[in-house]
Structure formats: structure tokens, C-alpha cells
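Written below as C-alpha cells is the structure these notes are about.
The values are calculated or read from the model by the stated rules, or taken from the named source; none is laboratory data. On a predicted model such as this, the values are computed, not experimentally measured, just so you know. Counting neighbours? That spans all protein chains shown, and the Cβs are built from the backbone with ideal geometry, glycine included.
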Amino acid sequence: MSTTKRPVDNGVNVEHLLAARQALTETPAGAQFKWRAKCEWVRGTHSRSTVEDFFGLGEEQKHKRTFTFEADHPEVFASEDHGATPVEIVLAALTSCLTGGIAAVAQNRGIQLHSVSATIEGNMDLQGILGIDSEVRNGFDGIKVVYDIKADATAEEIKALVAQSQKRSAVYDVITNPTNVTVEVRKV
Amino acid sequence: MRVTTVIIGAGHAGLAMSQCLRTRSIDHVILERGEVAHSWKHERWESLRLLTPNWLSRLPGYRYEGDDPDGYMTMPETIGFIERYAAHISAPVRSRTEVTSVRAKSDGYRVTTPAGEWECRTVVLATGACNKAHVPPVAAALPPGIDSVTSQDYRNPAQIQPGGVLVVGASASGTQIAEELQHSGHPVTIAVGEHIRAPRIYRGRDIKWWMDAAGVLDDAYDEIDDLNRARHVPSLQLAGSTERRTVDLNHLDDLGVRIVGRLVGVADSKAQFSGSLRNQCELSDLKMNRLLDRIDEWAEAQGLNGSIDPPHRFESTRCVNDPPLTLDLRKGEVRTVIWATGYRPDYSWLDVPVLDRKGRIRHDGGVAEAPGMYVIGLPFLRRRKSSLIDGAGPDAQDLTEHLVKSLDGRPVATS
Ligand SMILES: Cc1cc2nc3c(=O)[nH]c(=O)nc-3n(C[C@H](O)[C@H](O)[C@H](O)COP(=O)(O)OP(=O)(O)OC[C@H]3O[C@@H](n4cnc5c(N)ncnc54)[C@H](O)[C@@H]3O)c2cc1C
């Protein structure tokens, strides 16, 4: 039941992605990626992270430029508010991952997008991180994303797009599934 | 011993192949490690009924002819049905003859069993798609004191020690076992990953009637978008029962089964469930509705509207609000974990390099990469219905055509 694809342009090169999928199916070793970030403490709760290189397709790779993320805490925590809080960055990472996915899936399914916007909200009970109540988890007790999407598609098709994007999203997976994290210390 | 074709496995697929070879006068033998219908006799739970209605049990030269075409066969009835088929077609079955090796030779294959060797020009692997229950690696992390049972070992509720059960997997096997255990008094939690919801009855008819009539079961392997994906979709959430009930997550929720996300890990004796349950349910509802849309379009085109129940949609899967993300396995709430996480074929006896790095056989619609080797009975082998009883006939027919051509006018190798 394959329908002929309408020509759409969401600015995603799906042919390239599909070719990459094909190539990596044949040489799965190339699909082993290492993503990296570096972080320097600045002062107070202010820190600066940079993203520059990663490993993939069997060799070291470099971004076109170094990306910098400032993280701090707001003044209600007596911080200086030099950047978003790390959990806000996580929320931003989740919506940007989902949004990129929506565009890619739409392109592949022949759906023309006109606008995609999202608001994301994560609830957190600070009694966890402040050590007031050990039963309360540190992380979000729930995250809610609301998408407003204008596209040449039925409501069902748009729903399916967003669902598929969640299914394929790396950040969605990172947030919904446990991951083993190892933190080592080196005294310098 | 020499024979043109060796069929390995006397399930319905091997038998269907045998019948098609017979009509083309290809001499052959079926080697079976146990007896006819072995897997139905030994690898299914007791209360299981076919989820396909009786009229859909059609095999080459044979079909269900009882007085309950809309019913669903019990295991003894299914075994009887397949045994009668074997007798009806006088299938040349060698029981208790387990194949321990298949090796290529210059003009065919050497098939080894404890009862001797067969040399053949062509070989058909009909050993089944469900030989081994698949258990995910997280099983190794279960704390001591928790019983671990697969859907293949599961027989009945009495076999399960008293107390709570965690059923992992919510496709046809997991949902049915969860329902049965909950009814028998075991408090059940079901961990739900990807699954495909389907109503038993839609617009007054069995969903399989619609799928058959609208051509969904006949979708061809060389005409669908993503074959690899189609070959790995889980089974429809369906069950056979006398009251033709729908066994979906809403039904399990009504019974009091606790529904949680996919089991993703066990750490510090705590089971961890994914927070993706809502999306899994949404995807499943969307897929179900797409199937119903296709059915409605077909019904409309056939002019059935008006003569049957009007199109309608089902309540969304509702049991997704704030499911727990962890479950302490030391607190006694769970005594048994049931792995209903799918099945895999077993090709450990196959000494021909036709398996990919994941142990799956490389084939094009059942024509294996090794010359003269065929496989039948795998999911979406040639059609969506390939792994169903009803799918074996047309697949066997197609493969027989190919096999006869490949023999190239030199069919019989008797001596
Ligand atoms: C729980 C469950 C429920 C199902 N419900 C339905 C349903 O409702 N309707 C439906 O149409 N289908 C159903 N199926 C799917 C399908 O019909 C069965 O899997 C069916 O058994 C497949 O038939 P087959 O002939 O391919 O394989 P099998 O019936 O498994 O036959 C394979 C045969 O090969 C033999 N064998 C294996 N290895 C060797 C060897 N090395 N040497 C010799 N012999 C060997 C086995 O003993 C077995 O007899 C169900 C499957 C399962 C697991």
C-alpha cells in the first residue's frame, strides 16, 4: 500500500540519511559513535561546556566550529544566572532532538511542514536534590511537551509523525531509559 | 539414501510443501525430530487456542470442515487437524529423525541424522520460526529467589509459585498469559514495549476476516516499503476464545493487571521500566486505526456500507497514567518473571554459510542464498500471512515452482 510521494521540502536530505542507513547496515562498525563534551568550572555555580570533536564512521571528526554552552542557576538560588540550568538544557535537548526528528520523518513521509513549535515543561520536587526527603527522586517526576504543528497532513498523520520521532529520538531514549553512567576522578 | 528433496520439519509448513511437491511428482522425504505437529504438542501452553478462526485453517488440498467455522481451535484440536492433514496427503514423514547437520556437496546437500544420511539435490527448511524463546540479557540480572519462565515453558497457572508475576512482553503470548494468571489469582504486572493492538471483532466480523478479505494478509514481500521492519513486527494482540473477546491493554487494565513500560534494566534488585509507555500505546493505537482505515476504505469500495455495522473507533489505550518506573524485586511482590519476549528459529544444525551476523537466514522470499535451499514458515517470508497456517499453502506453491525450475528437467534422483 505504498502511496506515491508528494514532493516536499522541509530542508532535510532524507536520501542522504537513507543512504547512510544502508551503508551502516552493511558496515555496522561505522555506526559506533562517541559523543563528547568538555566542561570547565568558572565560578560559583557557573560552568562552561564546549563541544568540538566526536568519533564516528571509524575516525575522529570535528564540528565546523566549537559550540559553547553556559550553565548556571537563577538568582532564586543565589546564583548569578550566567546561563540556563543543566536541567533546562536537558529540556532544550529533548525538544530539539524531537523537532529535528519530526522534520526528518515528515520529509521521508512526504509531508510538507509549515511551522513546528513546542513548549516543554518538566516538574521537579526540589526536596530530592536538597536532601530534604530521600523518597523524592532528584530528576523530573514528569516531562510534558506540547507541539503545535502546521503541515499539509491530517491530524492523524501529524500525530504519527510525532510518535515516530519519539521512537527514533536519542535524547528521548536517554531520558526514558536508564543508562549506566561512570564518573571517574583524576587529581591534577 | 538418495532423494530429490529433503524437507526438514513436519509442522504444517513442511506438510504443505510436501503436498505441493507430490503434485509435481518430486520425490521427497520429511525428516522430523519428534512427531507430526511436534511444536504444537510440546511447545505451547495448555489453554492456548489458535487466534486465527477455524475457516482460516486452509492447507493445500485440505481445510477445516467442522461445524464451527468462526471458532478457534484448542491445542488438541490443532494437533488433530495437522495430524489428519499428514494422513490425508500420505506425507512421507520419518518421525524421530532429528537433523543434526546439513552440508553442501557438489550437486546438492548431505543431510545427517542419527538414523543415517540423505543425499539430495534440494533441501527445504521447515523447522519453524519459534524454536527458542528469546530472553533479553537483562534476565541475567534478576535477583535470586525469582523464578524465570519463558512463554515456551509456560503450561498453566498451577505451575507458577504463589504470588505476583511480572510478564515481560505484551504481544499475543504475553497478554494471554497475563490474563490467565490474573484470573487465577496471581497479581500480574505486565511490562509493555512495542505491541500491535487489534480488536477481535470489528463491524460485526472477525478482524482476520477483514484482513483476509481486504488483502492485508496477502500483502507481498516484494511490494511493501520496509521489508526488514515488516519481518520483525510483533504479533497482533489477539486471542482465540469462545466469547471472542478482545485481549488488549484496556481489557487487562479492567481485570486489575498493572501496566508498566518496557523492562529496561535491573539495578540493585529493582526492575526499571521505561517512561515511554504512553508513546508505545499511542503508536499502537495509531497502527490499529490505520488498519481499520484500510478496512473501511475497502468496505466502502466493495459497497458493503449499509449492509454491515458502520465504521467506528475504539477507546484509546487508557492505562498509561503515571505507571511506576521501578519495582523492588526483593519485597516479595514479584515471585516469577515470565518472558514473553518473542521466539527465534534455531539453525545450530545448519553447516551452510547462509546466516547473517544476527543468525538470520539470508533469503529472497524463501529462496535461500545457497543454491537449491529453501526456507518456509518465517514471518513475512513471501506474504504477510507467511507464518500463519493459512500462509503456508501459497508460499509452498511459489517455492515449489522455483524448485522445479531449478531442477532444470532433471527432477528425480531415486536409487
Ligand atoms: C504461541 C504461538 C501461537 C500461535 N498461534 C497461531 C495461530 O493462532 N494461528 C496460526 O496460523 N499460527 C499461529 N502460530 C504461528 C505458527 O503457525 C506456528 O509457529 C507454527 O507452528 C509454524 O509452523 P511450521 O510448520 O513453520 O513450524 P513448526 O510447527 O514449529 O514445525 C517445525 C517442525 O520442525 C521440527 N524440527 C525442528 N528442528 C528440527 C531438526 N533439526 N530436525 C528435524 N526436525 C526438526 C520440529 O519438531 C517441528 O515439528 C503460533 C505460534 C506460536 C508460537
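Report yes if some residue within the range A:55-62 is exposed (fewer than 15 other Cβ atoms within 10 Å of the Cβ), of a type in the set (Lys, Arg) and closer than 30 Å to A:Val12 by Cβ; otherwise report no.
Taking every residue of the range A:55-62 in turn, at least one turns out to be exposed (fewer than 15 other Cβ atoms within 10 Å of the Cβ), of a type in the set (Lys, Arg) and closer than 30 Å to A:Val12 by Cβ.
Going through the range B:27-72 one residue at a time, which ones are among the hydroxyl-bearing types (Ser, Thr, Tyr) and either over 19 Å from B:Thr127 (Cα atoms) or touching a strand residue (DSSP E or B) at 6+ places or on another chain (Cβ under 6 Å) (or both)? It would help to see each step written out before you state the result.
Step one: filter the range B:27-72 for residues among the hydroxyl-bearing types (Ser, Thr, Tyr), giving B:39, B:47, B:52, B:57, B:62, B:64, B:72.
Answer for the range B:27-72, where residues must be among the hydroxyl-bearing types (Ser, Thr, Tyr) and either over 19 Å from B:Thr127 (Cα atoms) or touching a strand residue (DSSP E or B) at 6+ places or on another chain (Cβ under 6 Å) (or both): B:Ser47, B:Thr52, B:Ser57, B:Tyr62, B:Tyr64, B:Tyr72.
Quick check: anything in the range B:10-17 within 9 Å of the ligand (Cβ to nearest atom) and in a loop (DSSP other than H, G, I, E, B)?
Scanning the range B:10-17 turns up at least one residue that is within 9 Å of the ligand (Cβ to nearest atom) and in a loop (DSSP other than H, G, I, E, B).
Inspect the range B:98-120 for any residue being near the ligand (Cβ under 8 Å from one of its atoms) and charged (D, E, K, R) and give the result as yes or no.
The answer is yes; a qualifying residue exists.
Taking the criterion of being aromatic (Phe, Trp, Tyr), farther than 30 Å from B:Arg330 by Cα and in contact with a Pro (Cβ under 8 Å, 6 or more places away or on another chain), would at least one residue in the range B:192-205 satisfy it?
no
Take A:Ser49 and decide whether it is surrounded by 15 or more Cβ atoms within 10 Å (Cβ to Cβ) and assigned to a strand (DSSP E or B).
In short, yes.
Only one residue in B:Glu65, B:Glu83 is within 12 Å of the ligand (Cβ to nearest atom), of a type in the set (D, E, K, R) and on the phi < 0 side of the Ramachandran plot, so which one is that?
B:Glu83
From the residues in the range A:111-155 that are under 30 Å from B:Asn289 (Cα atoms) and within 12 Å of chain B (Cβ to nearest Cβ), which one is modelled with the lowest pLDDT? Before the answer, list the steps.
Looking only at the range A:111-155, we keep the residues that are under 30 Å from B:Asn289 (Cα atoms), and these are A:111-121, A:142-155.
If we keep only those that are within 12 Å of chain B (Cβ to nearest Cβ) as well, we get A:142-145, A:154-155.
Working: A:Gly142: 91, A:Ile143: 95, A:Lys144: 94, A:Val145: 96, A:Thr154: 96, A:Ala155: 95.
So, considering only residues that are under 30 Å from B:Asn289 (Cα atoms) and within 12 Å of chain B (Cβ to nearest Cβ), the one modelled with the lowest pLDDT is A:Gly142.
Consider the range B:246-284. How many of its residues are out of contact with any helix residue (DSSP H, G or I) (no Cβ under 7 Å at 6 or more places or on another chain), more than 22 Å from A:Gln164 (Cβ to Cβ) and of a type outside the set (A, V, I, L, M)?
10
For the range B:45-55, which positions are closer than 26 Å to B:Cys20 by Cβ and either assigned to a loop (DSSP other than H, G, I, E, B) or near the ligand (Cβ under 7 Å from one of its atoms) (or both)? Talk me through it step by step, then tell me what you get.
Narrowing the range B:45-55 to residues closer than 26 Å to B:Cys20 by Cβ: B:50-55.
Listed by number, the residues that qualify are B:Leu50, B:Leu51, B:Thr52, B:Pro53.
Yes or no: A:Ile158 within 14 Å of chain B (Cβ to nearest Cβ), out of contact with any helix residue (DSSP H, G or I) (no Cβ under 7 Å at 6 or more places or on another chain) and at pLDDT 95 or above?
In short, yes.
Could you tell me whether any residue of the range B:342-362 is small (Gly, Ala, Ser) and more than 14 Å from the ligand (Cβ to nearest atom)?
Looking through the range B:342-362, at least one residue is small (Gly, Ala, Ser) and more than 14 Å from the ligand (Cβ to nearest atom).
Being of a type in the set (A, V, I, L, M), within 14 Å of chain A (Cβ to nearest Cβ), in contact with a Phe, Trp or Tyr (Cβ under 6 Å, 6 or more places away or on another chain) and farther than 30 Å from B:Leu329 by Cβ narrows it down to one residue among B:Ala214, B:Ala220; which is it?
B:Ala214 is the lone residue from the list that is of a type in the set (A, V, I, L, M), within 14 Å of chain A (Cβ to nearest Cβ), in contact with a Phe, Trp or Tyr (Cβ under 6 Å, 6 or more places away or on another chain) and farther than 30 Å from B:Leu329 by Cβ.
Can you confirm whether B:Asp67 is among the charged types (D, E, K, R), without any contact (Cβ under 8 Å) to a residue 12 or more places away in the chain and either crowded, with 22+ Cβ neighbours inside 10 Å or more than 16 Å from B:Ile389 (Cα to Cα) (or both)?
Criteria met by B:Asp67.
Mind listing just one residue for me: the one in the range B:253-263 that is out of contact with any Phe, Trp or Tyr (no Cβ under 7 Å at 6 or more places or on another chain) and of a type in the set (Val, Ile, Thr) and, of those, nearest to the other protein chains (Cβ to nearest Cβ)?
Restricting to residues being out of contact with any Phe, Trp or Tyr (no Cβ under 7 Å at 6 or more places or on another chain) and of a type in the set (Val, Ile, Thr), the top hit is B:Ile259.
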